[in-house]
Every structure is written in C-alpha cells, then in structure tokens.
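A quick write-up on the structure given underneath.
The values are calculated or read from the model by the stated rules, or taken from the named source; none is laboratory data. The model shown is predicted, which means the values in this text are computed figures rather than measured ones. With ideal geometry, Cβ positions are generated from the backbone for all residues, glycine too; neighbour counts draw on all protein chains shown.
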Amino acid sequence: MQTKNFPQEVKKFEIEAYERPKNLKGLGRTHVPFSGSPLKHPYHPNKVILVPDPYGSNPLYYEFNGSDITFAEELPSIVNLEGKTIPMVRFWVKKMSKGMVCTPFLVEEMNSQG
C-alpha cells in the first residue's frame, strides 16, 4: 500500500541561467530596448503603450507603432501588496522609428513673477 503523504525521492532541480535567444544577436545595432508593462492603445489598434514603472510616482509612458517592434521578451511580472500581478516585457524597437513619450501632469495656478 502506497500513501501519498510519505516523502518520496525527488530528482535534483537545477536552475538554468537566462540565455538570450540567438535571433537577438546584433539587434542592439539596429534596435533600442524599452522595458515596461504593455497596454493596448484605447483608440488605435496598431499602436502599443508601454508603462516603464507602473507603480512609480512618475506616471510617464511610451507609445509605439506595433510594426516598429521587432521582438518582445517576457520579463518577470511585478506584484503589488494586494497580490495583483502586472506583466512586464522588453520591446526591441527599430532605430529611427517614431515613438512618443507622454508625461501627464496636474494643471495648477502659476505664480506670476513680475
């Protein structure tokens, strides 16, 4: 009779070091990497939004055309204190592509110096 609760022999589990895919060799000469949490663009299905620091105090994000992204690498996800997981990626974007950096800010009254 075999009981499932008894310890059993387990084979050794080795962790493998991350190895970059071979098709990325030389990509640094023609592309620039951007890391962050990807989002679908709310109005343009062919554009991608990338938030570099989703929980940070600086709420900037990047916007790219999907056709300018040659390769996407999956990075470890971020987990907040409530247990919500946010996926992270690294996009390789073609050099000389048009992208946009957006930084939202709060409009406040300006002090007049004069």
### Task
Scan region 60-75 and report the pairs whose first residue is among the small types (Gly, Ala, Ser) and whose second residue is surrounded by 14 or more Cβ atoms within 10 Å (Cβ to Cβ) and part of a strand (DSSP E or B), with Cβ atoms within less than 8 Å and a gap of 6+ or a chain change.
GLY66/LYS47; GLY66/VAL48; ALA72/PRO38; ALA72/VAL89; ALA72/ARG90; ALA72/PHE91; ALA72/TRP92
### Summary
Within region 44-73, residues within 18 Å of GLY28 (Cα to Cα) and either charged (D, E, K, R) or in contact with a helix residue (DSSP H, G or I) (Cβ under 8 Å, 6 or more places away or on another chain) (or both) come out as ASP68, THR70, PHE71, GLU73
### Query
Any idea which residue in region 46-72 is surrounded by the fewest Cβ atoms within 10 Å (Cβ to Cβ), counting only those that are in a strand (DSSP E or B) and among the aliphatic types (A, V, I, L, M)?
ALA72
### Query
Taking region 74-107, which residues are hydroxyl-bearing (Ser, Thr, Tyr), closer than 26 Å to GLY26 by Cα and assigned to a strand (DSSP E or B)?
none
### Task
Could you grab the pairs with beta carbons closer than 6 Å, sequence gap of 6+ or different chains, first residue in region 35-59 and more than 15 Å from VAL89 (Cα to Cα) and at pLDDT below 90, second one exposed (fewer than 13 other Cβ atoms within 10 Å of the Cβ) and of a type outside the set (S, T, N, Q)?
PRO59/PRO104
